[in-house]
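Here is the structure we will look at.
The values are calculated or read from the model by the stated rules, or taken from the named source; none is laboratory data. What you are looking at is a predicted structure, and each value in this text was computed from that prediction instead of being measured. So basically every Cβ, Gly included, is an ideal-geometry build from the backbone, and we count neighbours across all protein chains shown. Note: areas computed on protein heavy atoms with side chains; ligands, DNA, RNA excluded. Shrake-Rupley method; radii C 1.70, N 1.55, O 1.52, S 1.80 Å.
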Amino acid sequence: MSSTTRASQDQRSAGTVLLDDDQRLHELGYPRKLSRRLTWFDNFAVSFTIINIIAGVFTGFGEGFGAGGPRTLVWGWIVVSTLILFVGAAMAEICSAYPTSGALYYWAAKLAKRHNAAWSWFTGWLNFAGQIAGTAATDFAAASFINILIGLEWSSYNPTKYTTLLVFGVILLVHALANTYTVKLVGLLNRISVWWLLIGALVIVGVLVFKPSHHQSASFVFTHFENATGFSSGLYAGLLGLLSTAWVFTGFDASAHMTEETSSAAVSAPRGIVRSIAYSGVGGFILLLALLFSVQNYDNELGSGTGFPSAQIVLDAAGGAPAKLLLLIVVGALLFCGLANMTSNSRQIFAFSRDGAIPGSQLWHSVNPRTGTPVKSVWFAAVGAFLLVLPSLWSSTAFFAVVSVNVIGLFGSYAVPIFLRLRRGDDFEPGPWNLGRWSKPIAAVAVAWVFLSSILFLLPESSPITWHSLNYAPIALGVVLLISAVWWFVTARRTFNGPISYGTPEELAALENELI
């Protein structure tokens, strides 16, 4: 067979896939507005980059280091990552049935037996809050690690809460600009990020294996317990420590939000969700062990002036130029993670606005005809993330609170359609990627874990509880839910009917043909 013949067949195959994707989108009631240029690997890369084992482990490490110590970090990682794989698998099955950028709130509307619009409304707002907080938390962590790196290079540099906020704002600006231009650029950066994470993790593990003067024993890594929370209950501290792993595994709904830009979306997106969790679970565990075996001075690292015990472990264990290299890898991982977060965030805003669920919807769901991207949604996400981090100017627990809003918002929005799918029972019509007879048991475990973890994220993380150390996550999340509830009962319950159908598949296909 000639290369020309093979190329023509590949083109026909790609065209068939594209038509099938668009046909399914039309069946779900939407015309194609976004450019469908992402491959299965691009789709996987978005979620893998947002989960981001380097960024997640290094930023979440401190919570478990002081709340349960190595024992909670190690065994908690194994248990929690497995439970989150259950959540991802249950979500992936629903994603295969309904491959649209609206994802969670769309699924809730289609799976609810009654009050469809209300289920859709509150699911969408939970996801909206979680998405905004995810962008904020990641870029704020990036700003903090950049400050650490600058301080190592120039000892005269003395970062303050104001300079951290300024660096955070610059990072948001850069990420918004990158997302303003073509989806191809974002796809390219996400592909690069996968290799940055893989190679970077290997470099970090390698340095921490060979560079430190001594390592901790296996007994210390797998059994040592630490409670620096101020609470007397070791059980309470250990449960709080589980949150360090839960924070790592967020944002894998990005694969679902990118379905309208992905080829073979009904299969590629579900695989992207599951693979991103599974691969991150294995890679992150290895990275976690490398950090724990490299602990040099527990008390010094727990109370590190950097604010991140993981960064202090690197400084103590590697020192000098090697430490700077490892922290540079962490900064790069955080920047890639923040970029992917904003991409997913803006697509959720685009889709939610398309169905009239956000103030000024007509503005936010518009697409730039030249770039094929929802530019205004991108800037909405950037401004929202900046506003959410402003309390860092007066609260020492701001980062943990933003993380809490991120995890509760996202996992809450994950659990609602999974719960509704359970209520559907055998009435649920699966897509080409499904769990078969394991569907209901996996969904039940997923809902139970989300319920437990959400409660933990709302609890105080340290004692004594003061205004300075207060976990303001319940307040921030409460404000979002209050606004959405008031808006719902005042006007939206009469005007919002759930996801909008823009026509029959035939009408949408004809409309697109007229525009070509």
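I'm told S268 meets every condition in (1) among the hydroxyl-bearing types (S, T, Y); (2) open to solvent by less than 10 Å² (accessible area, probe 1.4 Å); (3) within 30 Å of F380 (Cα to Cα) except one. Can you identify the failing condition by its number?
(2)
For every residue, the table says whether it meets (1) among the hydrophobic types (A, V, I, L, M, F, W, C); (2) under 24 Å from A218 (Cα atoms); (3) part of a helix (DSSP H, G or I).
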| position | (1), (2), (3) |
| --- | --- |
| S280 | no, yes, yes |
| D299 | no, yes, yes |
| G307 | no, no, no |
| A321 | yes, no, yes |
| L328 | yes, no, yes |
| C337 | yes, no, yes |
| I349 | yes, no, yes |
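Which of (1) surrounded by fewer than 23 Cβ atoms within 10 Å (Cβ to Cβ); (2) closer than 30 Å to F419 by Cα is the odd one out, the single condition E153 does not satisfy?
Condition (2) is where E153 drops out.
Show the residue pairs that are 6+ apart or on different chains and have beta-carbon atoms under 8 Å apart, the first residue being within segment 87-103 and within 16 Å of R424 (Cβ to Cβ) and touching a residue at least 12 places away in the same chain (Cβ under 8 Å), the second being of a type in the set (D, E) and open to solvent by 10 Å² or more (accessible area, probe 1.4 Å).
That search, which allows pairs on different chains as well, returns A97/E429.
Given the residues W379, W433, which is the only one that is open to solvent by 10 Å² or more (accessible area, probe 1.4 Å), over 17 Å from the mean Cα position of the chain (by Cα) and at pLDDT below 90?
Residue meeting the stated conditions: W379.
Any chance segment 287-294 includes a residue that's within 21 Å of I84 (Cβ to Cβ), among the hydrophobic types (A, V, I, L, M, F, W, C) and open to solvent by 30 Å² or more (accessible area, probe 1.4 Å)? Break it down stepwise before answering.
Of segment 287-294, the ones within 21 Å of I84 (Cβ to Cβ) are 287-289, 291-292.
Narrowing further to those that are among the hydrophobic types (A, V, I, L, M, F, W, C): 287-289, 291-292.
Subset that is open to solvent by 30 Å² or more (accessible area, probe 1.4 Å): 289.
The answer is yes, given that some residue of segment 287-294 is within 21 Å of I84 (Cβ to Cβ), among the hydrophobic types (A, V, I, L, M, F, W, C) and open to solvent by 30 Å² or more (accessible area, probe 1.4 Å).
Condition first: open to solvent by 20 Å² or more (accessible area, probe 1.4 Å), of a type in the set (G, A, S), at negative phi and touching a helix residue (DSSP H, G or I) at 6+ places or on another chain (Cβ under 8 Å). Can you find one or more residues in segment 189-208 that meet it?
Filtering segment 189-208 for residues open to solvent by 20 Å² or more (accessible area, probe 1.4 Å) gives 189, 191-192, 195-196, 198-199, 202-203, 205-207.
Narrowing further to those that are of a type in the set (G, A, S): 206.
Next, from what is left, pick out any that are at negative phi: 206.
Cutting the leftovers down to touching a helix residue (DSSP H, G or I) at 6+ places or on another chain (Cβ under 8 Å) gives us none.
No, every residue in segment 189-208 fails to be open to solvent by 20 Å² or more (accessible area, probe 1.4 Å), of a type in the set (G, A, S), at negative phi and touching a helix residue (DSSP H, G or I) at 6+ places or on another chain (Cβ under 8 Å).
Based on this model, can you work out whether A333 counts as modelled with pLDDT of 85 or more, open to solvent by 10 Å² or more (accessible area, probe 1.4 Å) and in a helix (DSSP H, G or I)?
It is false that A333 is modelled with pLDDT of 85 or more, open to solvent by 10 Å² or more (accessible area, probe 1.4 Å) and in a helix (DSSP H, G or I).
Quick one: what pairs do we get from segment 140-163, first residue more than 22 Å from V402 (Cβ to Cβ), second surrounded by 12 or more Cβ atoms within 10 Å (Cβ to Cβ) and small (G, A, S), C-beta under 8 Å, 6+ apart or different chains?
Note: pairs meeting the criteria are L152/A323; Y157/G151; N158/G151.
I'd like to know if segment 52-72 contains one or more residues that are surrounded by fewer than 24 Cβ atoms within 10 Å (Cβ to Cβ) and hydroxyl-bearing (S, T, Y).
no
Yes/no matrix, rows are residues, columns are (1) within 29 Å of the chain's Cα centre (by Cα); (2) part of a helix (DSSP H, G or I); (3) farther than 26 Å from G319 by Cα:
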{"position": "H175", "(1), (2), (3)": "yes, yes, yes"}
{"position": "V194", "(1), (2), (3)": "yes, yes, yes"}
{"position": "L197", "(1), (2), (3)": "yes, yes, no"}
{"position": "A201", "(1), (2), (3)": "yes, yes, no"}
{"position": "V205", "(1), (2), (3)": "yes, yes, no"}
{"position": "H214", "(1), (2), (3)": "no, no, no"}
{"position": "V221", "(1), (2), (3)": "yes, yes, no"}
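What pairs come up if the first residue lies in segment 399-419 and is over 16 Å from E93 (Cα atoms) and open to solvent by 10 Å² or more (accessible area, probe 1.4 Å), the second is of a type in the set (D, E) and modelled with pLDDT of 85 or more, and their beta carbons are under 8 Å apart, counting only those six or more places apart or on different chains?
Between residues of segment 399-419 that are over 16 Å from E93 (Cα atoms) and open to solvent by 10 Å² or more (accessible area, probe 1.4 Å) and residues that are of a type in the set (D, E) and modelled with pLDDT of 85 or more, the close pairs are F400/E63.
Return the residue satisfying two criteria in turn: it lies in segment 351-362 and is assigned to a helix (DSSP H, G or I) and open to solvent by 10 Å² or more (accessible area, probe 1.4 Å), and of such residues it is nearest to V205 (Cα to Cα). Outline the logic, then answer.
Initial filter on segment 351-362 (assigned to a helix (DSSP H, G or I)): 351-354, 361-362.
Retained after the next criterion (residues that are open to solvent by 10 Å² or more (accessible area, probe 1.4 Å)): 361-362.
Values: S361: 46, Q362: 48 Å.
Once the filter is applied, the top-ranked residue is S361.
Quickly run through segment 174-196 and pick out the residues that are touching a residue at least 40 places away in the same chain (Cβ under 8 Å) and over 22 Å from H257 (Cα atoms).
W196
Identify all residues within segment 295-314 that are under 20 Å from F249 (Cα atoms) and open to solvent by 40 Å² or more (accessible area, probe 1.4 Å); write none if there are none.
none
Picking from S439, S454, which residue would you name as being under 21 Å from T245 (Cβ atoms), among the small types (G, A, S) and either in contact with a His (Cβ under 9 Å, 6 or more places away or on another chain) or at pLDDT 80 or above (or both)?
Numbers: S439 fails: under 21 Å from T245 (Cβ atoms).
From the options S439, S454, the qualifying one is S454.
Restricting to segment 110-126, count the residues that are open to solvent by less than 10 Å² (accessible area, probe 1.4 Å) and not β-branched (V, I, T). Before you say what the answer is, go through the steps one by one.
To start, the set of residues in segment 110-126 that are open to solvent by less than 10 Å² (accessible area, probe 1.4 Å) comprises 111-112, 120-121, 123-124.
Keeping just the survivors that are not β-branched (V, I, T) gives 111-112, 120-121, 124.
Count: 5.
Scan (1) buried (at least 24 other Cβ atoms within 10 Å of the Cβ); (2) farther than 15 Å from I84 by Cβ for the single condition T245 breaks and write down its number.
The single condition T245 does not satisfy is (2).
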